[in-house]
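What follows is one structure encoded as structure tokens, with my remarks underneath.
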Amino acid sequence: MISIEFENRSGRSVDCCALVSACREVLHREGVVAGELGLHVVDSEEMRLLKHEHLGVDDVGDVLSFPLDGRAELPAGEPRALGDLVLCPLAVDDDWRAALVHGLLHLLGYEHGAAMERREAELVP
């Protein structure tokens, strides 16, 4: 089972159920059936601080991924810690699905490039 810890620090109304459901669907389609995921929605100021702290850039952006176990082989019985996904809706009508998929694929070990772009196109409705 996928355990998702959700936190909304954005100050905006967020459809928690839709985000969690989308995470579960993407992970299932990627063959991940068990693990732990942290899902955080933040405002643009917090995202800018996180990007500066972790990437050294002064930019907002819509998603950051902090991977842990990815798809690594784990000892029997040890729960898979996928990592943390941080989303920042940049507009009131922002479609977060593409950012969510992009971030989840990074948690699973995908790097920018053609393979990741193909998989994103398959997973984003």
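The values are calculated or read from the model by the stated rules, or taken from the named source; none is laboratory data. What you see is a predicted model, and the numbers here were worked out from it, not measured in a lab. Virtual Cβ from ideal backbone geometry, glycine too; neighbours counted across all protein chains shown. These area figures cover heavy atoms from the full protein model, side chains too; ligands, DNA and RNA do not enter into them. Shrake-Rupley method; radii C 1.70, N 1.55, O 1.52, S 1.80 Å.
Evaluate Rg over Rh across the range 80-125, taking Cα atoms for both radii and Kirkwood's formula for Rh.
Numbers: Rg = 11.3 Å, Rh = 11.4 Å.
Dividing the radius of gyration by the Kirkwood radius yields 0.99.
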**Prompt:** How much area per residue is accessible in the chain when the probe is 1.4 Å and only protein heavy atoms are counted (Å²)?
**Reply:** 57 Å²
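What does the charge dipole of the chain about its Cα centre add up to, to the nearest 20 debye, if the Cβ of each Lys and Arg holds +1 and the Cβ of each Asp and Glu holds -1?
Working: 11 positive and 24 negative charges, 63 e Å.
Dipole of the chain, to the nearest 20 debye: 300 debye.
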**Item:** Computed Rg/Rh of the chain, alpha carbon atoms with Kirkwood Rh
**Value:** 0.95
**Message:** If I take the Cα coordinates of the range 32-103 and project them onto the principal axes, what are the three extents in Å, biggest first?
**Reply:** 42, 27, 15
**Asked** When the accessible area of the chain is computed with all protein chains present and a 1.4 Å probe, what percentage of it is carbon and sulfur?
**Response** 51 percent
**Request:** Could you list the trypsin sites (Lys or Arg not before Pro) in the range 1-41 that lie in coil according to DSSP, counting only those with at most 14 other Cβ atoms within 10 Å of their Cβ?
**Result:** Arg12
**Message:** If each residue of separation counts as 0.36 nm, what is the full-extension length gain between His28 and His112 once their alpha-carbon separation is subtracted?
**Reply:** 28.1 nm
